[in-house]
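Single-structure report; data block below.
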Amino acid sequence: MKNPEDGKINDKTENSSINASDLKTITDKIFRTNQDLASGVVKIIETLWKNIKSKKNIERIRIMNFCGTHEWTTTRYGLRSLLPEGIELIAGPGCPVCITPSYYVEVAIKLSLEGLRVYTYGDAYRLPALKEIEGVRSLAEAKTIGGDVSVVYSLLNAIKDAQQNRKKSVFFAVGFETTYPIYALAILKKILPENFTFIVSGRLTPPSAEYAISKIGKIDGVIGPGHVSSIIGGKAWSFLPEKYNIPTVISGFEPIDVLISVAEILRQIDEGDARVVIEYTRATSWDGNELAKKVIREVFDVVDAAWRGIGFIPNSGYKLKEENSKLDAFDVYGFKEPNFNEWRYDLLPGCKCGEVILGKIKPTNCPLFLTKCTPTTPYGPCMVSTEGTCSIWARFSRLR
Amino acid sequence: MCLGTYGRVVKIQEYKCWIDFGGVIEEAISVVEDLSIGDYVIVHAGVVISKLSKEEFLDSFKYLYEIKRKLVEEGEQSKEELKKLESIFKLLID
Ligand code: SF4
Ligand code: SF4
């Protein structure tokens, strides 16, 4: 699949190495002369890669991203084919919809069929559950048999709607750290209507990154998620260089951002350095957003939590604090979340999303990819969300 | 749900604000504290997560435009989509 000839830029390599300030100048210029710049960065990458190979006797490195949007950019713009042979870009857990455990979907379907109004983001609307509930597997299907399901863009739309119709309602709160400040603020500011509850299925990215790394073995560099990091800050990733000696770059979402991040990772490897660098300075800082972190801490506890197809990951999920339990749909409507011992593998037979999410295999290694499982007839969760790795690869496969 | 959207602040009331997404005004909650009317922002599932300078906004928008243009070129989206984006751009920029 990798085609190192593609997009290869005429290489007049001198033994130059670039430093951080070169990269900064490049970032500053970037948007003005996009095309030339991309070639320039690719050239830098090739030079660094040559140095690394000869100096350190390495043939292959693996760089992992933890963000559906990074995977989207990488695949959409064929960045893999721009990179020299031996540099692999792998998608890690980057999509909050794909890893939402099946039992949350099942509870949401049940509640919608019991007459509550269930609010969901569009991405989770078609998410298939493992078990059928009254013959249906997703909220979209539930709607066709009379379930009350409403797709919203944000919590505020749901609040407005719930204020008008006064029905009991539940918000399917899927998401990573970026989507959680709004729930916390709405709760603290007491703007929720009566009988409004949440299915709290929020997950945290750094613990899953650490887990993925422990499962797939050595990773040589990490492209960290830009928007998640606007909330949690670059420092939330410092365990990667400190504990695992992994160069980490918090990156923006444009092709050039991703290329620069790869170059910076190579620079660090070349110089034997490992640290967190923020490339996405236009929206991310070292400390992150203090207000957002504070309100989340006030409303939610961080607990061990299940990831679909993967299992429990320590300290990786949000749960409403005791004093807010009347807002927790599980408590209010008498559902119990499976604990570590009760958790069961929750993918349909044959679906390999768990391995795709951890970066162990590529979507193309799944026998169902583009046969039984396609974007129009998704079989597994990674094919549903626009940020799911399988869905991204399926839509843009011709570009790789 | 994850791709951020770009817009401009038109009204602020405590932690709530109203964002112009190019003709469509939506209510949002802000975790950015020093927000002013006219600021360019990234909104993520109804939350303002960061502020952008005008230049940064232009750059980001250019990127969006480039994606759309490719999608249209490849027949994945209609030309209307591109026109819509152009008119949004005109409404947001001054
Ligand atoms: S291609 Fe479909 S079935 Fe296979 S891993 Fe991806 S989502 Fe699951
Ligand atoms: S929340 Fe932001 S950083 Fe995370 S997956 Fe979505 S776009 Fe990427």
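The values are calculated or read from the model by the stated rules, or taken from the named source; none is laboratory data. Every value quoted in this text rests on a predicted model; they were computed, and no experiment measured them. In this analysis, Cβ positions are derived from the backbone assuming ideal geometry, glycine residues included, and neighbour counts consider all displayed protein chains.
Points worth noting:
- If you go through the range A:68-125 and keep only what is over 18 Å from A:GLU177 (Cα atoms), within 15 Å of ligand 1 (Cβ to nearest atom) and within 13 Å of chain B (Cβ to nearest Cβ), you end up with A:GLU71, A:THR75.
- Verdict on A:ALA184 being in a helix (DSSP H, G or I) and not acidic (Asp, Glu): yes
- Yes/no for A:VAL222 being without any contact (Cβ under 8 Å) to a residue 40 or more places away in the chain, in a strand (DSSP E or B) and within 16 Å of ligand 2 (Cβ to nearest atom): no
- Of residues in the range B:3-24 being β-branched (Val, Ile, Thr) and either surrounded by 16 or more Cβ atoms within 10 Å (Cβ to Cβ) or within 12 Å of chain A (Cβ to nearest Cβ) (or both), the one nearest to ligand 1 (Cβ to nearest atom): B:THR5
To keep it simple, each residue is scored yes or no on (1) closer than 27 Å to A:PHE312 by Cα; (2) touching a strand residue (DSSP E or B) at 6+ places or on another chain (Cβ under 7 Å).
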| site | (1), (2) |
| --- | --- |
| A:GLY354 | yes, no |
| A:PRO363 | yes, yes |
| A:PRO367 | yes, no |
| A:TYR379 | yes, yes |
| A:SER385 | yes, no |
| A:CYS390 | yes, yes |
| A:PHE396 | no, no |
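- For the range A:303-333, the tally of residues that are surrounded by 16 or more Cβ atoms within 10 Å (Cβ to Cβ), more than 18 Å from the chain's Cα centre (by Cα) and assigned to a strand (DSSP E or B) stands at 3.
- Test result for A:VAL356, at pLDDT 90 or above, within 16 Å of ligand 2 (Cβ to nearest atom) and of a type in the set (Val, Ile, Thr): yes
- Only one entry in B:GLU33, B:GLU80 is exposed (fewer than 14 other Cβ atoms within 10 Å of the Cβ), within 11 Å of another protein chain (Cβ to nearest Cβ) and at pLDDT below 90, namely B:GLU33.
- Qualifying residue in the range A:337-347 (condition: modelled with pLDDT of 90 or more, within 21 Å of the chain's Cα centre (by Cα) and hydrophobic (A, V, I, L, M, F, W, C)): yes
- Filter result for A:LEU291 (buried (at least 22 other Cβ atoms within 10 Å of the Cβ), in a helix (DSSP H, G or I) and either at negative phi or among the small types (Gly, Ala, Ser) (or both)): no
- Checked against (1) within 12 Å of another protein chain (Cβ to nearest Cβ); (2) assigned to a helix (DSSP H, G or I); (3) buried (at least 24 other Cβ atoms within 10 Å of the Cβ), A:LEU156 passes all but condition (3).
- Among the numbered conditions (1) closer than 19 Å to A:TRP237 by Cβ; (2) surrounded by 16 or more Cβ atoms within 10 Å (Cβ to Cβ); (3) more than 16 Å from ligand 1 (Cβ to nearest atom); (4) away from chain B (no Cβ under 14 Å), the only one that A:TYR280 does not meet is (4).
Yes/no matrix, rows are residues, columns are (1) over 11 Å from the mean Cα position of the chain (by Cα); (2) in a loop (DSSP other than H, G, I, E, B); (3) not assigned by TED's automatic domain parsing to the domain that holds B:SER87:
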| position | (1), (2), (3) |
| --- | --- |
| B:VAL9 | no, no, yes |
| B:ILE12 | yes, no, yes |
| B:ALA28 | yes, no, yes |
| B:GLY38 | yes, yes, yes |
| B:VAL41 | no, no, yes |
| B:VAL48 | no, no, yes |
| B:SER60 | no, no, no |
| B:GLU66 | yes, no, no |
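- Of all positions in the range A:338-357, at least one carries a residue that is surrounded by 19 or more Cβ atoms within 10 Å (Cβ to Cβ) and among the basic types (Lys, Arg).
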